[in-house]
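Colleague: My structure is below; once you've seen it, I'll send some questions.
The values are calculated or read from the model by the stated rules, or taken from the named source; none is laboratory data. Because the structure is predicted, anything quoted here is derived from the model rather than measured. We place every Cβ from the backbone using ideal geometry, glycine too, and count neighbours over all the protein chains shown.
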Amino acid sequence: MSQLISELGSNDDTDINTEELPLQYSKSVIAAIQEIVPGEDPFDSPDFNAVDYINERFPAEQSLHLLDEVLEEMRVKLSLVENETQQLVRQLAINSQIGQDSLQSAEESIRQLSARFQEIKVTSGESEQRVRAITRDIRQLDTGKRNLTTSINTLNHLQMLTEGVDKIRSMMAARQYGELAPLLQGVLNVMQHLSRYTHIPQVKQLSDQVLQNQKELEQQILADFRSSTASLATPSYQLAEACLVANVLDKNVRRSIMELVVEHQLAEYRAVFAGSERDGWLTCVDLRRKWFLRAAVEFDRTLAQMFPPGWKVPARLAYSFCRLTHEQLTQAMALRTADIDSTAILQAHRLLSDMESLIIQKYGTSFTYEDLLDNSNEKLPKPSDVSPRSPVSATSSAGRFTPRSEDVSSVAASNSNAGEDSQPPPAAAPSPYDGAITSCFLPYLHIHLNTLDKRLGEQIERFMSAVKSYSFDRVEEEESNVMPCCGELFTLYKNMLVEYLRVSQQGYGLPNLIAIFQRRLREFATRVLREALPQASQQGFGTLPKDMKDISAIISQVQSLLVREGGESLRLSSEEEVRKVCSVLVSAEYCAHMTNKLQAKLLEKWQLAPKSIPDPDAPRKVLAASASSAISSAPSNISLAAEEELFHAVLSQCILLLVGHVESLCDGYLASIPKLNWLLEQTGDQSSYVSQLSAHLSTTVPLVRYHLHTSRKHFTRFCDKLAAGICIKFTQQVYRCRPINSIGCEQLLLDCHALKAVLLHMPVMASKVIRDPPVSYTRMVTKSLARPELVLQVVMGEYSSPMQLVEKSIRLMPDLSLADFQKVLELRGIKDKAPLLESYRQRTSVESDASATTINSTTTTTNTTNTATVASPEHELSRIAKLEKMLKARRLI
């Protein structure tokens with residue numbers, strides 16, 4: 001073995017110097033080499049161990065006879081590796097020489113290339129100098145040409161300006177406006193080109209002459225219009241050409257010309273329909289309309305052709321007419337305030353509104369607020385000073401075409417906001433004609449409101465008279481038994497709202513109308529619906545407030561009836577009164593629903609309504625004497641919730657009447673319970689009072705359900721209150737059944753289950769469609785009758801000691817009061833109650849202090865589990881189980 005190792009380690013014949021070769025590599029390098037050139041030779045492994053390899057080749061002594069073969073194999077492999085290594089070394093030496101030669105060749109090429117670049121750089125610099133010298137001459141020639149061209153053009157413009165000024169003077173003297181218009185436009189264009197040379201005296205002099213000619217021309221054209229307007233009946237060719245010249249001049253000239261023409265056209269109208277004249281009153285509005293239609297048609301046929309279409313003179317004439325009419329009507333109403341009535345306002349508003357619509361239809365698409373802004377020289381107010389919706393105010397001067405500051409500023413605000421917001425513009429822009437005349441009626445809306453209030457009061461009086469003679473007949477199931485006056489009232493409300501929105505510019509002063517609606521709704525609820533109830537039901541109300549404003553007092557009076565538990569129940573005398581109460585109930589429900597819808601509609605209109613009167617200064621000056629009767633400011637809260645609550649209170653009173661009526665007929669059957677003999681020897685069928693009670697409910701409840709077929713939720717409320725009242729009275733009567741034995745308790749328990757079955761079936765008694773009662777109703781009945789059941793189970797039990805009675809009462813009824821426990825002792829016939837009452841008080845106080853919450857949450861579980869596991873003798877359990885089997889056999893539980 002040692003000989004093999006020594007021969008493997010001998011390498012004296014090789015030519016390779018192993019000390020200079022990097023035979024040790026890192027693990028990462030070795031792993032990369034194995035990944036690129038994988039091999040299975042164990043000598044290639046970095047973890048090669050010679051001893052392990054030899055032991056693997058010669059695992060036993062018997063395998064040593066192969067030693068010579070292995071040595072020969074190793075020598076051959078070593079020779080191959082040495083040859084391969086020598087080849088690699090030689091190839092590495094050859095490649096190294098080749099690389100050095102290539103590097104030297106590349107360096108020489110770079111030196112030659114650098115020298116070539118230097119030559120090119122020198123050559124390009126010389127070329128650039130030659131090109132710069134050539135282009136210098138070209139630029140000088142171009143500058144000279146441009147200066148020469150500018151000088152020629154300037155001289156031509158100066159010549160044109162000199163000739164134009166002379167021609168303008170001559171044409172002005174001859175009033176040749178047709179030829180003057182294009183010439184003046186050309187001269188003004190030339191002046192724009194020469195504006196840079198105004199520092200030259202000759203140019204400055206010509207510029208001053210042009211400005212002087214413009215001023216003189218403006219004065220001359222205005223003088224021509226003033227002298228010709230009075231006798232102008234047909235279009236003048238000379239004035240038409242003057243309008244072309246005015247188009248070139250300042251826009252103030254156009255505005256002055258239009259003011260002259262409009263003032264002349266409205267001169268007759270201003271004199272005939274002045275506010276102090278007889279024809280200026282509201283009853284003569286139709287004459288105004290006819291005058292304008294005749295004048296507008298005549299103007300369109302004759303003088304309108306004289307003006308350029310862009311001036312929109314017919315549209316401006318219509319706008320000035322609207323402004324003048326607004327001013328005259330405002331003045332007329334201020335002078336004759338006592339003669340204003342709602343009929344005159346409505347009639348005049350209808351005619352004027354139709355005329356505004358006609359004008360909008362003809363001119364509204366072509367004449368907008370932007371046209372007013374384009375021709376206005378007034379300083380615009382801030383957009384914040386303008387109300388959200390400002391109808392046309394009075395004119396600042398009679399018949400002059402001057403846009404309102406509110407109108408113009410609203411346009412300016414909308415234009416500025418359009419640049420800031422990226423929201424799309426509205427579908428239709430507001431028209432200047434919208435409300436231009438009819439807004440004069442806004443300060444007098446209180447007159448119309450007083451009329452509406454009076455109409456509602458008269459209508460409610462008629463409703464009161466009609467209800468007294470109204471026949472509440474039986475209705476079919478497909479018909480509604482809502483009182484007709486309810487639908488008529490809300491139809492009248494709808495018509496009044498539409499009419500008021502039309503007169504008030506879509507809702508100005510709407511809170512005042514809402515106040516009237518609120519007051520009349522309260523009056524309708526108390527004086528119509530409540531008065532329609534049977535007279536016996538009125539005993540629960542005190543005297544109503546005379547001003548009808550104390551709504552909380554009215555509701556509290558109605559709700560006071562709902563908490564009445566003692567005393568004699570109200571009883572209806574006939575089936576007709578039952579139908580009447582049901583009809584009032586359904587009517588109150590309808591009114592509450594319509595009141596809620598009316599509130600939503602009013603709130604919607606209030607959000608879109610103007611919050612301030614347009615042009616407030618003018619109405620205050622005109623109406624200074626009648627400021628006390630002006631429309632009040634808008635309230636901060638608009639709500640009909642109190643009125644809706646009042647209708648619900650009337651509805652609750654109707655339910656109370658129906659419940660009281662049915663309960664009053666049941667009182668006699670329930671009152672007979674203590675009068676029966678409860679010292680029984682055996683139980684029998686259900687008692688007679690249960691059968692009588694069931695028969696009574698089967699005749700009265702279906703009648704109520706039939707007349708409440710359109711209001712099933714309130715029929716359910718009726719059943720809830722009726723069943724709760726019967727359960728309470730039944731429990732009270734159970735406490736009064738003395739003396740009583742255990743058999744009597746079993747009979748009462750049987751009656752209790754029978755009564756529960758009757759009450760659970762009560763909502764569908766005699767119904768063609770059988771439905772399960774609501775879960776809440778079933779839960780309420782079960783919970784209400786659970787107390788008498790538990791009381792009877794405690795009373796009928798047998799106890800070996802008095803403390804067992806106390807413990808069983810606490811288990812079954814943890815919330816039993818001390819007074820009710822005393823009644824339980826009285827049912828048991830115990831005379832010495834003081835010790836038991838003291839024990840019960842101590843036990844309940846300790847347990848309530850320890851775990852009051854736990855007791856309240858586990859009452860239901862205790863009620864069901866303790867029934868079968870109370871500490872009582874075995875024969876008591878057998879008796880209760882026998883009773884339950886009997887009840888199940890009779891299908892009572």
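Colleague: Exposed (fewer than 10 other Cβ atoms within 10 Å of the Cβ) and among the hydrophobic types (A, V, I, L, M, F, W, C): does that describe Ile138?
Modeller: yes
Colleague: Check whether at least one residue in segment 729-749 is within 18 Å of Leu656 (Cβ to Cβ) and surrounded by 20 or more Cβ atoms within 10 Å (Cβ to Cβ), and report yes or no.
Modeller: So far as segment 729-749 goes, no, none of its residues is within 18 Å of Leu656 (Cβ to Cβ) and surrounded by 20 or more Cβ atoms within 10 Å (Cβ to Cβ).
Colleague: Same structure again: So in segment 427-466, with the set limited to residues that are touching a residue at least 24 places away in the same chain (Cβ under 8 Å) and among the hydroxyl-bearing types (Ser, Thr, Tyr), which one is surrounded by the fewest Cβ atoms within 10 Å (Cβ to Cβ)?
Modeller: For segment 427-466, the residue satisfying everything is Thr451.
Colleague: Sticking with this one: Determine which member of the set Ala627, Ala634 is at pLDDT below 55, of a type in the set (Gly, Ala, Ser) and under 26 Å from the mean Cα position of the chain (by Cα).
Modeller: Ala634
Colleague: Out of curiosity, is Leu206 in contact with an Asp or Glu (Cβ under 9 Å, 6 or more places away or on another chain) and either surrounded by 14 or more Cβ atoms within 10 Å (Cβ to Cβ) or at pLDDT 85 or above (or both)? Before the answer, list the steps.
Modeller: Details: in contact with an Asp or Glu (Cβ under 9 Å, 6 or more places away or on another chain): no; either surrounded by 14 or more Cβ atoms within 10 Å (Cβ to Cβ) or at pLDDT 85 or above (or both): yes.
When the stated conditions are applied, Leu206 does not pass them.
Colleague: Of the residues Ile200, Ile257, which is modelled with pLDDT of 80 or more, β-branched (Val, Ile, Thr) and surrounded by fewer than 15 Cβ atoms within 10 Å (Cβ to Cβ)?
Modeller: Only one candidate passes the filter, namely Ile200.
Colleague: Return the residues of segment 561-576 that are more than 14 Å from Asn481 (Cβ to Cβ) and either surrounded by 13 or more Cβ atoms within 10 Å (Cβ to Cβ) or at pLDDT below 50 (or both); say none if nothing qualifies. Break it down into steps so the answer makes sense when it comes.
Modeller: We begin by selecting, within segment 561-576, every residue more than 14 Å from Asn481 (Cβ to Cβ); these are 561-574.
Result: Leu561, Leu562, Val563, Arg564, Glu565, Gly566, Gly567, Glu568, Ser569, Leu570, Arg571, Leu572.
Colleague: Also, quick follow-up: Look at segment 701-716 and say how many of its residues are part of a helix (DSSP H, G or I), within 13 Å of Val586 (Cβ to Cβ) and touching a residue at least 24 places away in the same chain (Cβ under 8 Å).
Modeller: Count: 6.
Colleague: Can you find even one residue in segment 57-64 that is surrounded by 10 or more Cβ atoms within 10 Å (Cβ to Cβ), out of contact with any helix residue (DSSP H, G or I) (no Cβ under 8 Å at 6 or more places or on another chain), over 21 Å from Glu40 (Cα atoms) and not aromatic (Phe, Trp, Tyr)?
Modeller: Yes - at least one qualifying residue is present in segment 57-64.
Colleague: Do you know which residues across segment 686-698 are surrounded by fewer than 17 Cβ atoms within 10 Å (Cβ to Cβ) and touching a residue at least 40 places away in the same chain (Cβ under 8 Å)?
Modeller: From segment 686-698, those surrounded by fewer than 17 Cβ atoms within 10 Å (Cβ to Cβ) are 688, 691-692, 695-696, 698; that's our starting set.
Within segment 686-698, just Ser698 meets the criteria.
Colleague: Residues to consider are Ser652, Ser694, Ser664; find the one that is out of contact with any Gly (no Cβ under 6 Å at 6 or more places or on another chain), polar (S, T, N, Q) and in the same structural domain as Pro774 (by TED's automatic domain parsing).
Modeller: Checking each option against the conditions leaves just Ser694.
Colleague: Can you tell me which residues in segment 811-847 are assigned to a loop (DSSP other than H, G, I, E, B) and under 60 Å from the mean Cα position of the chain (by Cα)?
Modeller: Correct list: Met813, Pro814, Asp815, Leu816, Ser817.
Colleague: Further question on the same structure: Can you tell me which residue among Tyr493, Tyr500, Tyr508 is in a helix (DSSP H, G or I) and more than 14 Å from Glu458 (Cα to Cα)? Steps first, please.
Modeller: Values: Tyr493 fails: more than 14 Å from Glu458 (Cα to Cα); Tyr508 fails: in a helix (DSSP H, G or I).
Within the list Tyr493, Tyr500, Tyr508, the selection yields Tyr500.
Colleague: Quick test of your reading of the structure: Ser776 fulfils all but one of (1) of a type outside the set (A, V, I, L, M, F, W, C); (2) assigned to a helix (DSSP H, G or I); (3) crowded, with 18+ Cβ neighbours inside 10 Å. Name the failing condition by number.
Modeller: (3) is the only condition that Ser776 fails.
Colleague: Something else: Looking at Gln100 and the list (1) outside any helix (DSSP H, G or I); (2) more than 25 Å from Glu40 (Cα to Cα), which single condition is not satisfied?
Modeller: (1)
Colleague: Would you mind finding the one in Arg323, Arg316, Arg301 that is surrounded by fewer than 20 Cβ atoms within 10 Å (Cβ to Cβ) and outside the structural domain of Arg502 (by TED's automatic domain parsing)?
Modeller: Arg301
Colleague: For the condition surrounded by fewer than 16 Cβ atoms within 10 Å (Cβ to Cβ) and assigned to a helix (DSSP H, G or I), what is the one hit in Ala223, Ala246, Ala242?
Modeller: On the way: Ala246 fails: surrounded by fewer than 16 Cβ atoms within 10 Å (Cβ to Cβ); Ala242 fails: surrounded by fewer than 16 Cβ atoms within 10 Å (Cβ to Cβ).
Result of the check over Ala223, Ala246, Ala242: Ala223.
Colleague: Determine, yes or no, whether Leu80 is assigned by TED's automatic domain parsing to the domain that holds Val29, in contact with a helix residue (DSSP H, G or I) (Cβ under 8 Å, 6 or more places away or on another chain) and part of a helix (DSSP H, G or I).
Modeller: No; evaluated as a whole, the condition is false for this residue.
Colleague: Are there any pairs with C-beta distances below 8 angstrom linking a residue in segment 274-286 that is part of a loop (DSSP other than H, G, I, E, B) to a residue that is among the acidic types (Asp, Glu), with the two at least 6 apart or on different chains, and if so which?
Modeller: Hits for this filter: Gly275/Glu327; Trp281/Asp339.
Colleague: With (1) farther than 30 Å from Asp341 by Cα; (2) of a type in the set (Ser, Thr, Tyr); (3) in a helix (DSSP H, G or I) as the list, and Thr234 as the residue in question, which single condition is left unmet?
Modeller: That leaves (3) as the condition not met.
Colleague: Hey, does segment 228-236 have a residue that's at pLDDT 85 or above, under 23 Å from Ala315 (Cβ atoms) and surrounded by fewer than 17 Cβ atoms within 10 Å (Cβ to Cβ)? Even if it seems obvious, please write down each step before you answer.
Modeller: Taking segment 228-236 and keeping what is at pLDDT 85 or above, we get none.
Within segment 228-236 (the criterion being at pLDDT 85 or above, under 23 Å from Ala315 (Cβ atoms) and surrounded by fewer than 17 Cβ atoms within 10 Å (Cβ to Cβ)), the answer is no, since none of the residues qualifies.
Colleague: Please determine, by comparing only the residues of segment 38-50 that are more than 18 Å from Leu80 (Cα to Cα) and exposed (fewer than 10 other Cβ atoms within 10 Å of the Cβ), which one is modelled with the lowest pLDDT.
Modeller: Restricting to residues being more than 18 Å from Leu80 (Cα to Cα) and exposed (fewer than 10 other Cβ atoms within 10 Å of the Cβ), the top hit is Pro38.
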